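Enquirer: Take a look at the following structure, please.
The values are calculated or read from the model by the stated rules, or taken from the named source; none is laboratory data. Keep in mind that this is a model prediction, so the values were computed, not measured. Don't worry about glycine lacking a Cβ; one is built from the backbone with ideal geometry, like all the others, and counts go over all protein chains shown. Each accessible area value is taken on the protein alone, full model and side chains, heavy atoms only, with ligands, DNA and RNA left out. Shrake-Rupley method; radii C 1.70, N 1.55, O 1.52, S 1.80 Å.
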Amino acid sequence: MTAPRRRILALTGGVGGAKLALGLARMPDPGALTFLVNTGDDFEHLGLSICPDIDTLLYTLADEANPETGWGRRNESWRCLEALAEMGADTWFKLGDRDLATHLIRSAALRAGTPLTAVTAQLARALNVEHTILPMSDSRIATIIDTPLGELAFQHYFVRERCEPKVLGVRFEGSAAARMPEGLEALLADPALAGILICPSNPFVSIDPILAVPGLRAALAASNAPVVAVSPIIQGAAIKGPTAKMMAEMDVPRDAVTVARHYGSLLDGYIVDTSDAHLVAEVEALGITAVATPTLMLTLQDKINLAQAALDFLTSVSESTAS
Ligand code: FO1
């Protein structure tokens, strides 16, 4: 009898998370990967249902992502956006012509009553993505950012206002009534699940919305598989996006330790960048096993190396908790 395929669950949102996701998928022996993806960024725009983090991951894994931006599709054209501008419509959110195909397919399917999980699986098949992409919920959850301008829906804060307003608070509208996606509980109970990885995504607006789905954080913590996070902060700065700016606005120290403290007891292990190796002891003082390894992902090989290091670390954390 052959052994069941090793399974890994990775929580991700945004471009930083998708980089590690690609590294995992391109390892020589990735096993069966499931990505649990933030949908708090989703919104309705020009009548279309847009799921930016799902699409960033789909396109990245399909080798379809725009290499300059990390979001949207490669070989893109912008004729529709140009026509929208000529007709005086909103163009602050840039939808390319090829990207529009995804939004049209998704919007029609959702309108016909197909759950987001099923539409996402359909899009993954269409783009030849073999790994499983699970939205964090089939229910609608919207990340709302409280700012001096008032409450802003996530894309209005992130893209339209370019993350400039000070963040006074974050809430996840609809999360109290949301349910975990089908299949997640079975995965968490599967003995073949070797580990749970939290990608170096923004903890406050990419990972927290996932953990806010009722029962989800507790289910991850209760799983026999170890939970390991990769720090999105290197030497006090985020590689991309507003993580460090948000930390300054929240008045918390802008370093990798703060992120480990934020995830707290959920974590069995934590990975910091080699340049932050001096923080390992501080993380371990929180009761979390920590390791330092290169986490900056500039090339595909960097991504694969970090994925391999994360899986090796998951194995060693799992062996030390079992002994
Ligand atoms: N990000 C931008 O900064 N500007 C855009 O115009 C923009 C358009 C866009 C279209 C489709 C899509 O799937 C993503 C898009 N993003 C854009 C990225 C996205 O809004 C953010 O990176 C995420 O929501 C943050 O994780």
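Enquirer: In the range 277-323, which residues are farther than 19 Å from residue 20 by Cα and not hydrophobic (A, V, I, L, M, F, W, C)? Give the derivation first.
Expert: So the first thing to find is which residues in the range 277-323 are farther than 19 Å from residue 20 by Cα, and the list is 277-289, 316-323.
Across the range 277-323, the qualifying residues are 278, 282, 284, 287, 289, 316, 318, 319, 320, 321, 323.
Enquirer: Mind counting the residues in the range 204-235 that are in a loop (DSSP other than H, G, I, E, B) and open to solvent by 20 Å² or more (accessible area, probe 1.4 Å)?
Expert: Residues that pass the stated criteria total 5.
Enquirer: Please tell me if residue 109 is more than 23 Å from residue 22 (Cα to Cα) and among the small types (Gly, Ala, Ser).
Expert: yes
Enquirer: Would you be able to say whether some residue in the range 12-33 is in a strand (DSSP E or B), farther than 25 Å from residue 225 by Cβ and in contact with a helix residue (DSSP H, G or I) (Cβ under 6 Å, 6 or more places away or on another chain)?
Expert: Looking through the range 12-33, none of the residues is in a strand (DSSP E or B), farther than 25 Å from residue 225 by Cβ and in contact with a helix residue (DSSP H, G or I) (Cβ under 6 Å, 6 or more places away or on another chain).
Enquirer: May I ask you to verify whether residue 47 is small (Gly, Ala, Ser), touching a helix residue (DSSP H, G or I) at 6+ places or on another chain (Cβ under 9 Å) and near the ligand (Cβ under 9 Å from one of its atoms)?
Expert: No; evaluated as a whole, the condition is false for this residue.
Enquirer: Go through the range 63-163 and tell me which helices (runs of 4 or more DSSP H), entirely inside it, have 3 or more residues that are within 11 Å of the ligand (Cβ to nearest atom) and at pLDDT 95 or above.
Expert: Helices (runs of 4 or more DSSP H) meeting the threshold: 97-111.
Enquirer: Also, I was wondering about something else. I'd like the full set of residues that are assigned to a helix (DSSP H, G or I) and open to solvent by less than 10 Å² (accessible area, probe 1.4 Å), limited to the range 256-272.
Expert: 256, 257, 259, 260, 263, 266
Enquirer: State yes or no: is residue 281 surrounded by fewer than 20 Cβ atoms within 10 Å (Cβ to Cβ), touching a Ser or Thr at 6+ places or on another chain (Cβ under 9 Å), over 24 Å from residue 170 (Cβ atoms) and among the aliphatic types (A, V, I, L, M)? It would help to see each step written out before you state the result.
Expert: Details: surrounded by fewer than 20 Cβ atoms within 10 Å (Cβ to Cβ): yes; touching a Ser or Thr at 6+ places or on another chain (Cβ under 9 Å): no; over 24 Å from residue 170 (Cβ atoms): yes; among the aliphatic types (A, V, I, L, M): yes.
Spelling it out, it is not the case that residue 281 is surrounded by fewer than 20 Cβ atoms within 10 Å (Cβ to Cβ), touching a Ser or Thr at 6+ places or on another chain (Cβ under 9 Å), over 24 Å from residue 170 (Cβ atoms) and among the aliphatic types (A, V, I, L, M).
Enquirer: Just the residues that are open to solvent by 60 Å² or more (accessible area, probe 1.4 Å) and under 17 Å from the mean Cα position of the chain (by Cα), please, taken from the range 290-323. If you could, list the steps in order and put the result at the bottom.
Expert: Kept after step one, since they are open to solvent by 60 Å² or more (accessible area, probe 1.4 Å), are these residues of the range 290-323: 294, 296, 298-301, 305, 308, 312, 315, 319-323.
Result: 296, single match.
Enquirer: Would you be able to say whether some residue in the range 42-56 is in contact with a strand residue (DSSP E or B) (Cβ under 9 Å, 6 or more places away or on another chain), part of a strand (DSSP E or B) and small (Gly, Ala, Ser)?
Expert: yes
Enquirer: Report yes if some residue within the range 41-48 is of a type outside the set (Asp, Glu) and under 13 Å from the mean Cα position of the chain (by Cα); otherwise report no.
Expert: No, the conditions are met nowhere in the range 41-48.
Enquirer: Can you name the residue in the range 30-41 that is hydrophobic (A, V, I, L, M, F, W, C) and open to solvent by less than 10 Å² (accessible area, probe 1.4 Å) and, of all such residues, is nearest to the ligand (Cβ to nearest atom)?
Expert: Only one residue tops the list, namely 37.
Enquirer: Looking at the range 305-319, I want the residues that are within 10 Å of residue 228 (Cβ to Cβ) and have a partner that is of a type in the set (Lys, Arg) and open to solvent by 10 Å² or more (accessible area, probe 1.4 Å) with Cβ atoms under 9 Å, at least 6 apart or on another chain. Which pairs are those?
Expert: 311/6
Enquirer: Determine the pairs where a residue that is within 18 Å of residue 37 (Cα to Cα) and open to solvent by 50 Å² or more (accessible area, probe 1.4 Å), located within the range 98-118, has a partner that is of a type in the set (Asp, Glu) and away from the ligand (no atom under 12 Å from the Cβ) with Cβ atoms under 8 Å apart, the partner being 6 or more residues away or on another chain.
Expert: Here the result reads 115/138, each pair linking the range 98-118 to a residue that is of a type in the set (Asp, Glu) and away from the ligand (no atom under 12 Å from the Cβ).
Enquirer: Taking the range 189-198 as the search range and keeping residues that are open to solvent by less than 20 Å² (accessible area, probe 1.4 Å) and in contact with a helix residue (DSSP H, G or I) (Cβ under 8 Å, 6 or more places away or on another chain), which one is farthest from the ligand (Cβ to nearest atom)?
Expert: Filtering first and then ranking leaves 193.
Enquirer: Going by the conditions given, is residue 13 out of contact with any Asp or Glu (no Cβ under 6 Å at 6 or more places or on another chain) and within 23 Å of residue 173 (Cα to Cα)?
Expert: Numbers: out of contact with any Asp or Glu (no Cβ under 6 Å at 6 or more places or on another chain): no; within 23 Å of residue 173 (Cα to Cα): yes.
When the stated conditions are applied, residue 13 does not pass them.
Enquirer: Also, I was wondering about something else. Testing residue 201 on (1) closer than 26 Å to residue 318 by Cα; (2) open to solvent by 10 Å² or more (accessible area, probe 1.4 Å), one condition comes back false. Which one is that?
Expert: The single condition residue 201 does not satisfy is (2).
Enquirer: Please determine whether any residue of the range 42-59 is more than 28 Å from residue 161 (Cβ to Cβ), open to solvent by less than 40 Å² (accessible area, probe 1.4 Å) and modelled with pLDDT of 95 or more.
Expert: no
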